[in-house]
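See below for the structure under consideration.
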Amino acid sequence: MIIDFAGRFQAAFGFMTGNVAARLIENGFGEVIKDANVFDMAVYTMDENSYFDDILLYKDNDEYLFGFRSLNEENADVFATPPMLSMKRAKKLVITAIDNSDTEVIERYGTEPWEITWRGLLIDMENHKFPIDKMEDINTIFEKNDIWNVASEILNKVGVNSIYIVDIAIDFVEGFEDTISYTLITRAIKPVEFQLINT
């Protein structure tokens with residue numbers, strides 16, 4: 001069974017991601033194995049700023065995998081693509097200008113946490129109906145006012161092990177009534193234990 005990822009990505013996110021989806025299909029991402037829960041997928045670079053990666057969010061008894069399967073084990077007919085990730089962070093600097101000079105003195109250095117944007121699709125593979133249950137799952141994840149633990153090859157490499165969610169957008173994908181797109185804005189955060197140890 002081949003799913004038109006390119007068309008969905010293009011309708012949801014624009015021309016660039018349509019091209020990316022075609023590259024995913026070339027690497028075997030277009031073929032969906034029916035009734036399979038696990039897909040053997042690698043991480044492929046999208047461009048200089050965005051990457052595809054499977055991400056596991058977990059906290060207490062709640063666990064959601066954003067990857068090549070559904071967000072949980074129920075309703076496995078809904079297919080979640082791995083999120084496209086883009087990350088940014090900045091320095092927090094205290095800078096003093098020297099009078100009558102183009103010289104600056106940096107008095108204090110600091111680093112802001114990573115801001116991570118996720119973009120992905122949820123597709124009803126079986127009935128090709130609006131995936132309302134998965135939209136509810138995304139909303140449930142957003143409404144949890146707590147820190148989420150995160151397991152991701154890319155995020156863990158830059159020291160991100162927990163996040164909190166700042167913003168969410170859920171959009172309808174024109175021409176594909178079985179698909180919704182989501183965007184999550186998250187920020188990395190260190191556990192309280194880490195902050196106490198380092199104060």
Worksheet, complete the sentence: Here the residues within the range 94-133 that are of a type in the set (D, E, K, R) and loosely packed, with under 10 Cβ neighbours inside 10 Å are 99, 102, 107, 108
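Just checking: which of the strands (runs of 3 or more DSSP E) contained wholly in the range 120-199 hold 3 or more residues that are over 25 Å from residue 61 (Cβ atoms)? Even if it seems obvious, please write down each step before you answer.
On the way: elements: 148-151, 162-172, 179-188.
Where strands (runs of 3 or more DSSP E) fall fully within the range 120-199 and carry at least 3 residues being over 25 Å from residue 61 (Cβ atoms), they are 162-172, 179-188.
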Worksheet item: Is one or more of the residues making up the range 169-180 under 15 Å from the mean Cα position of the chain (by Cα) and crowded, with 20+ Cβ neighbours inside 10 Å?
Response: yes
Practice prompt. Scan the range 117-135 and report the pairs whose first residue is among the β-branched types (Val, Ile, Thr) and whose second residue is at pLDDT 85 or above, with Cβ atoms within less than 6 Å and a gap of 6+ or a chain change.
Written response: 117/86; 117/185; 123/178; 123/179
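The values are calculated or read from the model by the stated rules, or taken from the named source; none is laboratory data. Please read all numbers here as calculations on a predicted model, not as lab measurements. Note: ideal-geometry Cβ built from the backbone for every residue, glycine included; neighbour counts use all protein chains shown.
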